[in-house]
Amino acid sequence: MPPGDPAPHRLFGGWSATRWQYAALAAPPPGRVVDVVCDLGGSVTLSLTATAFILAFDVAGRGRHSVYGACEVRGDELLLRPEGAGAPTSVRFRQNGDTLSLQSDASGWDFDGDGGDEAAAFVAVLVRL
């Protein structure tokens, strides 16, 4: 690393989800929970650098999907600005060694299968790749 460059943040690198859960905040019934990894047998990976992120999903029956864009670490928040999106999404994080937890009360998931996301709280646990 060249002199004067900041040390890389401990979050930077690749992560694989062992839990990626959405809990409905409204209809369908509040409290309905879907875990992409445990319930749907999907896989979720997250790659983070000082300036960018790539989030990739592979879920049976829903296919593969990826989101990428700019990222920034601010205290215990990870700000993600997907390509083409306006405002960034804020996700709280906590890291303990090679385990990362993420949480947000402002997420969404298509619980009823109509193609539109319903409001959801989100929590995830990932391990370093």
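Restricting the range 109-124 to residues that are buried (at least 16 other Cβ atoms within 10 Å of the Cβ) and of a type outside the set (Phe, Trp, Tyr), which is nearest to Gly13 (Cα to Cα)?
Ala124
Within the range 92-101, is even one residue among the polar types (S, T, N, Q), touching a residue at least 24 places away in the same chain (Cβ under 8 Å) and within 15 Å of Trp20 (Cα to Cα)?
Kept after step one, since they are among the polar types (S, T, N, Q), are these residues of the range 92-101: 95-96, 99, 101.
With touching a residue at least 24 places away in the same chain (Cβ under 8 Å) added as a condition, the list becomes 95, 99, 101.
Subsequent filtering for residues that are within 15 Å of Trp20 (Cα to Cα) retains 99, 101.
Yes, the conditions are met somewhere in the range 92-101.
The residues of the range 24-54 that are more than 16 Å from Ala121 (Cβ to Cβ) and either touching a residue at least 24 places away in the same chain (Cβ under 8 Å) or in contact with a Pro (Cβ under 8 Å, 6 or more places away or on another chain) (or both), listed by number, are Ser43, Val44, Thr45, Leu46, Ser47, Leu48, Thr49, Ala50, Phe53.
Answer yes if at least one residue in the range 103-112 is under 19 Å from Ala56 (Cβ atoms) and in a loop (DSSP other than H, G, I, E, B), and no otherwise. Yes, that holds for at least one residue.
Residues in the range 73-99 that are loosely packed, with under 10 Cβ neighbours inside 10 Å, assigned to a strand (DSSP E or B) and modelled with pLDDT under 95: Arg74 alone. One residue stands out in the range 82-107 among those that are out of contact with any Ser or Thr (no Cβ under 6 Å at 6 or more places or on another chain) and of a type in the set (D, E, K, R): the one that is nearest to Gly69 (Cα to Cα), namely Glu83. Checking the range 64-72 against the condition returns a match, with at least one residue being of a type outside the set (D, E, K, R), part of a strand (DSSP E or B) and over 21 Å from Phe12 (Cβ atoms).
The values are calculated or read from the model by the stated rules, or taken from the named source; none is laboratory data. What you see is a predicted model, and the numbers here were worked out from it, not measured in a lab. Every residue, glycine among them, receives a Cβ derived from its backbone with ideal geometry; neighbour counts consider all protein chains shown.
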